[in-house]
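Engineer: Sharing a structure here in structure tokens format.
The values are calculated or read from the model by the stated rules, or taken from the named source; none is laboratory data. For clarity, every value in this text was computed on a predicted model and none was experimentally measured. Here Cβ is always computed from backbone atoms with ideal geometry, including for glycine, and neighbour counts include all displayed protein chains.
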Amino acid sequence: MNRSILLALILAAALGAWMYTGRIEYGFDADAATDPATDAAAGTAPAAGEAAPAASAEPFTVRVAELTLTAQVRDLVVSGRTEMRRVVDVAAESAGRVIELPVSQGSRVKAGAEIAKLDTRDLEPRRARAQALIEQRRAELKAASSLSAKGFQTELRLAEAKAEFEAARAELAQIEQQIDDTIVRAPFAGIVDRRHVEIGDYVSPGTQVARVLAPEPYLIVADIAERDIGAIRVGQQARARLADGSLVTGTVAYISRQADAQTRTFRVEIEVGNPDGLLPGGVTAEVAVPLDRNPAVLLTPALLSLDERGRVGVKVVDGDDRVAFDVVSILSASDAGVWVTGLAEHARVIVVGQGYVAPGDKVIAVEVQPQELRGLVPLPPEVERMLDQLDLSAAGATKAPAREGAGS
């Protein structure tokens with residue numbers, strides 16, 4: 001028989017025998033892993049006085065830290081948008097051709113300032129004729145009054161003279177109002193955001209001339225779900241992050257009492273100061289409304305994990321030095337870390353080695369020193385300053401003996 005084939009058959013037979021016996025080269029015996037009663041029956045159990053083999057490996061060593069709980073505000077975070085409280089498209093009240101546009105787009109104006117002026121050429125002659133007619137009617141009324149006093153004029157003629165005089169005055173007032181309507185004015189102090197006409201355009205009553213908006217108060221508008229609307233109050237503080245990253249704070253000024261029929265949400269308006277008019281309207285914003293305060297701790301996201309039910313939690317060590325899984329709720333997240341609530345006051349959080357242990361495991365818990373917390377968990381500024389002081393004190397204590405030895 002070919003020598004290569006014979007060698008292959010021998011290797012296959014040896015491999016089969018090895019798999020059948022369950023023995024591996026590293027010391028595991030499938031037969032030895034059976035019930036001790038079976039071993040005793042087979043006569044393989046250790047005799048009295050002999051040491052039994054170790055039941056399990058040494059507990060895993062983890063590093064734990066007892067983190068301080070801090071009262072943290074729980075925020076209701078929703079998507080919103082910005083609005084100007086007052087936005088008006090100012091329309092012409094008279095017909096005519098635009099002859100002047102005193103302000104440009106983006107200009108600030110006071111209430112009543114001229115925005116546009118229309119041609120008054122056909123109105124000026126009418127006003128002159130109305131003024132002349134008034135003078136004529138005034139003279140006629142004076143003469144009728146004099147004759148009536150001397151008995152040469154009837155009371156009816158005097159009444160007619162008075163009526164004609166008042167009619168002339170009313171006609172002049174109407175013409176002057178038409179002349180005044182040729183000037184388009186700002187209805188309130190604000191910014192001319194857009195002009196709809198140019199010089200030379202002909203406008204009719206109702207034609208939009210310019211858009212004027214009041215930049216203050218500035219509004220952040222959010223639609224709040226019906227389950228959360230009861231926790232918000234008028235006068236409550238709120239903050240928002242605009243699309244450009246800028247942060248603003250304001251006060252809840254209005255809460256709708258009627259839900260939207262389609263979304264079942266309530267309109268909430270937050271007033272924000274905008275004295276310089278730089279905040280834009282119509283942009284998206286992330287709104288945060290503080291609701292209540294909860295004891296929470298700041299963690300790095302790496303310390304969070306999921307249990308078999310998909311719940312977010314943190315691995316801790318209990319009083320028996322066994323791993324437990326504490327379910328937590330995330331209050332807020334930022335670049336500094338994640339604020340979570342649900343941990344006990346003196347919970348020992350596993351900060352190193354949490355990925356190698358499971359709930360119920362026996363562990364050796366080693367407390368992390370304060371200086372070692374840096375890089376393991378986010379630290380508040382006051383704790384960072386305290387650790388800096390400890391580092392300086394330790395450095396001073398190290399240098400002091402050296403100075404004493406140099407002086408001796």
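Engineer: Mind listing just one residue for me: the one in segment 253-293 that is polar (S, T, N, Q) and modelled with pLDDT of 90 or more and, of those, surrounded by the most Cβ atoms within 10 Å (Cβ to Cβ)? Show your work before the answer.
Structural biologist: Going through segment 253-293, the residues polar (S, T, N, Q) turn out to be 256, 258, 262-263, 265, 274, 284.
Right, trim to modelled with pLDDT of 90 or more and you get 256, 258, 262-263, 265, 284.
On the way: Ser256: 14, Gln258: 7, Gln262: 6, Thr263: 10, Thr265: 17, Thr284: 12.
So, considering only residues that are polar (S, T, N, Q) and modelled with pLDDT of 90 or more, the one surrounded by the most Cβ atoms within 10 Å (Cβ to Cβ) is Thr265.
Engineer: Being over 30 Å from the mean Cα position of the chain (by Cα) and modelled with pLDDT of 90 or more is the filter here; which residues of segment 320-346 pass it?
Structural biologist: Within segment 320-346, Asp320, Asp321, Arg322, Val323, Ala324, Phe325 qualify.
Engineer: Of everything in segment 309-323, what is under 17 Å from Arg63 (Cα atoms) and buried (at least 18 other Cβ atoms within 10 Å of the Cβ)? Give them in sequence order. It would help to see each step written out before you state the result.
Structural biologist: Taking segment 309-323 first, the residues under 17 Å from Arg63 (Cα atoms) are 314-323.
Correct list: Val314, Lys315, Val316, Val317, Val323.
Engineer: All but one of (1) closer than 27 Å to Gly319 by Cα; (2) at pLDDT 85 or above; (3) buried (at least 17 other Cβ atoms within 10 Å of the Cβ) hold for Leu67, so report the exception by its number.
Structural biologist: Just one mismatch for Leu67, condition (2).
Engineer: For the condition at negative phi and either touching a Pro at 6+ places or on another chain (Cβ under 9 Å) or part of a loop (DSSP other than H, G, I, E, B) (or both), what is the one hit in Ala240, Ala261? First the steps, then the outcome.
Structural biologist: Details: Ala240 fails: either touching a Pro at 6+ places or on another chain (Cβ under 9 Å) or part of a loop (DSSP other than H, G, I, E, B) (or both).
Every option except Ala261 fails the conditions.
Engineer: Still on this structure, I have one more. For a quick check of your reading of the model, give me the residue pairs whose first member lies in segment 342-363 and is in a loop (DSSP other than H, G, I, E, B) and exposed (fewer than 14 other Cβ atoms within 10 Å of the Cβ), whose second is at pLDDT below 90 and of a type outside the set (Val, Ile, Thr), with beta-carbon atoms closer than 8 Å and at least 6 apart or on different chains.
Structural biologist: Taking only residues 6 or more apart or on different chains, the pairs are Glu345/Leu69; Glu345/Pro295; His346/Glu66.
Engineer: On to the next question. So which residues in segment 347-380 are within 15 Å of Pro301 (Cβ to Cβ) and at pLDDT below 85?
Structural biologist: If the condition is that a residue be within 15 Å of Pro301 (Cβ to Cβ) and at pLDDT below 85, then Gly375, Leu376, Val377, Pro378 are the ones that fit.
Engineer: Return yes or no: is Ala231 at pLDDT below 90, touching a strand residue (DSSP E or B) at 6+ places or on another chain (Cβ under 7 Å) and surrounded by fewer than 16 Cβ atoms within 10 Å (Cβ to Cβ)?
Structural biologist: The answer is yes for Ala231.
Engineer: Let me ask another. When you check Gly250 against the structure, is it at pLDDT 90 or above, over 17 Å from the mean Cα position of the chain (by Cα) and of a type in the set (Gly, Ala, Ser), yes or no?
Structural biologist: Working: at pLDDT 90 or above: yes; over 17 Å from the mean Cα position of the chain (by Cα): no; of a type in the set (Gly, Ala, Ser): yes.
No.
Engineer: If you don't mind, another one. Scan segment 88-135 for residues that are at positive phi and either loosely packed, with under 13 Cβ neighbours inside 10 Å or charged (D, E, K, R) (or both) and jot them down. Give the derivation first.
Structural biologist: Step one: list which residues in segment 88-135 are at positive phi, which gives 96, 106, 112.
Listed by number, the residues that qualify are Gly106, Gly112.
Engineer: Confirm whether Gln178 is surrounded by 14 or more Cβ atoms within 10 Å (Cβ to Cβ), assigned to a helix (DSSP H, G or I) and polar (S, T, N, Q).
Structural biologist: Working: surrounded by 14 or more Cβ atoms within 10 Å (Cβ to Cβ): yes; assigned to a helix (DSSP H, G or I): yes; polar (S, T, N, Q): yes.
Yes.
Engineer: For segment 185-213, enumerate the residues that are part of a loop (DSSP other than H, G, I, E, B) and of a type in the set (Phe, Trp, Tyr). Break it down stepwise before answering.
Structural biologist: Step one: of segment 185-213, the residues part of a loop (DSSP other than H, G, I, E, B) are 186-189, 196-201, 204-207.
Selection gives Phe188 alone.
Engineer: Whether any residue in segment 388-404 is at pLDDT 55 or above and closer than 16 Å to Leu67 by Cα is what I want to check.
Structural biologist: Scanning segment 388-404 turns up no residue that is at pLDDT 55 or above and closer than 16 Å to Leu67 by Cα.
Engineer: Could I ask something else about it? Checking Val316 against (1) in contact (Cβ under 8 Å) with a residue 40 or more places away in the chain; (2) within 27 Å of the chain's Cα centre (by Cα); (3) outside the structural domain of Asp223 (by TED's automatic domain parsing), which test does it fail?
Structural biologist: Val316 satisfies all of (1) in contact (Cβ under 8 Å) with a residue 40 or more places away in the chain; (2) within 27 Å of the chain's Cα centre (by Cα); (3) outside the structural domain of Asp223 (by TED's automatic domain parsing) except (2).
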